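Structure record follows, encoded as structure tokens.
The values are calculated or read from the model by the stated rules, or taken from the named source; none is laboratory data. The structure presented is a predicted model; accordingly, all values stated were derived computationally and were not measured. Cβ placement follows ideal geometry from the backbone for every residue including glycine, while neighbour counts extend to all protein chains displayed.
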């Protein structure tokens, strides 16, 4: 066993022992503890748990890579996945906490006095959460197979086993305290390599400032200027300027913001704090903890890109490529990552060295032959995973990245699985199928639903449907076009009635689904797309991923106009709305 | 107008004010006017529009939520609708 593997086993093993210890300490004994951790979570701790709940394998592993290769255009993810917390804090969280029930579909069903509305919300919740869970399962498997070099499915089983122990036993209570621990692991794992690399490149410890600083090589050139110049010289696109269309950037940012605020597993976290006041500040704390990673990610992305290019490619492009990486002296990380298939090279001109250039590059080597790109595959995900190795950081830092990636994936998976199992046991079983079951039976139903959800998620992780990569747009589209508008109107538009709300949700949901399926294939089945997924075919140039905001607008318009021509909601519903608008009396709402 | 209505109106005004700032820093400075702002440099080598898109908007979001929470707590007390 190599030194790196030993470190990885120790660090990952220690974190797993911690999660199991918490599982044993934090068992749930009532439905209140199982669904909302007994509403006793301190707002700062809930903020931390929300950070881990929200930041998934995608945030931890993929986002910096996305930024590294898209530069400025990737800002949509940074703004979209943080700006949603403003909407959540000001428009939803405090009021839903005041209402004081257990699940998101429950509020929608009660406020719009309609089982149909509740069922539509449950379906949206399950589809959005399940599609999201697939990605987490994949992230767990990748982290295990690369760092511990055990087969993908063993890694997945191990991850499922850990989640099973603390989520089935502890419900929201167990999930909350493990998420707090997982946040600490993942943020430490993310920032430590970032600080090391920022110090190496710029001499500034804080990555957020390092990104704006000059290079430490004494040239006095700003890092971002150097990156722009290097990329342009090598025939890539510039880093700090816009490439895509402004309309799509605008709509995608808005869709991601609205979708973030409408994702049930995030909203439910704010049901766990003691007071309405705590729900407000807790959203702020959540964003503080998220911002630590999200403001570090741009630095990681830019610095990793610069490091990768400089490791392979000589500083300046001249016919003489004698400073490029030699094939017979490839570093260990290069060959290791090639084994995973995430990195590939091909010495096209047979000079025994690798040339790494963009598609706009037009230059010739010493023999007069055109220089071609020989890095045939550089997967975005390796920018975070391989970054510490590329920068020659010590083995314990690399081991930490493995533990952090696994923590990010596990914490999000647990939150999603909890949202799914609560919707099944509380909204379907208790709410519709068997209304008169007692607390103990419902708790058992919750545990069984959780166990079932873990098995389904595990199966989907082992046999991911071909469309796994496309479904993120679907999850955000569903949350943005159906759940967010229904919740917001439930609080802010007293006049919206059952018919209006149900029609609005179906219109928003339907239009978004049709728009996505039209270009991606019906139910993502290959070959069934009605038109090629290209900018020329999109209506007004709006990409399917950006459509959620339009779906939300359709939902608002339909719900408000239908409500205005049909009967107003009954008196007790209007009182309910007036009641959730003021914080006073939230304590009494705890009783069920 | 009743106290409950006044409280709700003050709340709506506060939310709208916060969301205007939310919109300006992200969609305004980070997207629509990013190119123009990029000619200004801050904190060393950051083009301003790029900084807003990848750093500044996020810091502003955090500040906005805490400002909102603080003002709402004041309103709760003023209109006597606080939980305690």
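Listed values, structure above:
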| read-out | value |
| --- | --- |
| So residue B:37, is it more than 7 Å from every other protein chain (Cβ to nearest Cβ), in contact with a strand residue (DSSP E or B) (Cβ under 6 Å, 6 or more places away or on another chain) and surrounded by 17 or more Cβ atoms within 10 Å (Cβ to Cβ) | no |
| Members of region B:60-84 that are facing another protein chain (nearest Cβ under 7 Å), in a helix (DSSP H, G or I) and buried (at least 17 other Cβ atoms within 10 Å of the Cβ) | B:61, B:62, B:64, B:65, B:66, B:68, B:69, B:72, B:76 |
| One residue from A:507, A:501, A:532, A:479 being within 24 Å of the chain's Cα centre (by Cα) and touching a residue at least 12 places away in the same chain (Cβ under 8 Å) | A:479 |
| Selection status of residue B:43, on the phi > 0 side of the Ramachandran plot and within 7 Å of chain A (Cβ to nearest Cβ) | yes |
| Condition broken by residue A:190, with the remaining ones in (1) touching a helix residue (DSSP H, G or I) at 6+ places or on another chain (Cβ under 6 Å); (2) closer than 30 Å to residue A:474 by Cα; (3) modelled with pLDDT under 90 satisfied | (3) |
| Failed criterion for residue A:45 (all others in (1) under 12 Å from the mean Cα position of the chain (by Cα); (2) under 19 Å from residue A:178 (Cα atoms) hold) | (1) |
| Residue within region A:566-584 that is surrounded by 15 or more Cβ atoms within 10 Å (Cβ to Cβ), free of Cβ contacts under 8 Å to residues at least 40 places away in the same chain and closer than 30 Å to residue B:12 by Cβ present | yes |
| Residues located in region A:70-98, provided they are surrounded by fewer than 21 Cβ atoms within 10 Å (Cβ to Cβ) and over 18 Å from the mean Cα position of the chain (by Cα) | A:91 |
| Enumeration of residues in region A:206-224 that are surrounded by fewer than 16 Cβ atoms within 10 Å (Cβ to Cβ) and out of contact with any strand residue (DSSP E or B) (no Cβ under 9 Å at 6 or more places or on another chain) | A:216, A:217, A:218, A:219 |
| Residue list for region A:194-205, restricted to those being part of a loop (DSSP other than H, G, I, E, B) and in contact with a helix residue (DSSP H, G or I) (Cβ under 7 Å, 6 or more places away or on another chain) | A:204, A:205 |
| Single condition residue A:208 does not satisfy, out of (1) outside any loop (DSSP other than H, G, I, E, B); (2) in contact with a helix residue (DSSP H, G or I) (Cβ under 8 Å, 6 or more places away or on another chain); (3) more than 11 Å from every other protein chain (Cβ to nearest Cβ); (4) more than 30 Å from residue A:422 (Cα to Cα) | (3) |
| Condition broken by residue A:222, with the remaining ones in (1) more than 9 Å from every other protein chain (Cβ to nearest Cβ); (2) more than 30 Å from residue A:84 (Cα to Cα) satisfied | (1) |
| Single match in A:288, A:366, A:357, A:378 (criterion: more than 19 Å from residue A:197 (Cα to Cα) and within 14 Å of another protein chain (Cβ to nearest Cβ)) | A:288 |
| Test: residue A:136 is over 21 Å from residue A:379 (Cβ atoms), within 19 Å of the chain's Cα centre (by Cα) and surrounded by 24 or more Cβ atoms within 10 Å (Cβ to Cβ) | no |
| Some residue of region B:20-27 being surrounded by fewer than 17 Cβ atoms within 10 Å (Cβ to Cβ) and more than 10 Å from every other protein chain (Cβ to nearest Cβ) | yes |
| Per-region count, region A:310-338, residues within 18 Å of residue A:348 (Cβ to Cβ), modelled with pLDDT of 80 or more and touching a helix residue (DSSP H, G or I) at 6+ places or on another chain (Cβ under 7 Å) | 2 |
| Test: residue in region A:228-244 that is crowded, with 20+ Cβ neighbours inside 10 Å, in contact (Cβ under 8 Å) with a residue 24 or more places away in the chain, within 11 Å of chain B (Cβ to nearest Cβ) and under 21 Å from residue B:59 (Cα atoms) | yes |
| Subset of region B:9-19 [surrounded by 18 or more Cβ atoms within 10 Å (Cβ to Cβ) and free of Cβ contacts under 8 Å to residues at least 12 places away in the same chain] | none |
| Some residue of region A:65-85 being touching a residue at least 12 places away in the same chain (Cβ under 8 Å), in contact with a helix residue (DSSP H, G or I) (Cβ under 6 Å, 6 or more places away or on another chain), over 30 Å from residue B:13 (Cα atoms) and more than 13 Å from every other protein chain (Cβ to nearest Cβ) | yes |
| Only one of B:49, B:44, B:56, B:30 that is part of a helix (DSSP H, G or I) and within 25 Å of residue A:203 (Cβ to Cβ) | B:56 |
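Here's the yes/no breakdown for (1) out of contact with any helix residue (DSSP H, G or I) (no Cβ under 7 Å at 6 or more places or on another chain); (2) crowded, with 23+ Cβ neighbours inside 10 Å:
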| position | (1), (2) |
| --- | --- |
| A:132 | no, yes |
| A:142 | yes, no |
| A:151 | no, no |
| A:169 | no, no |
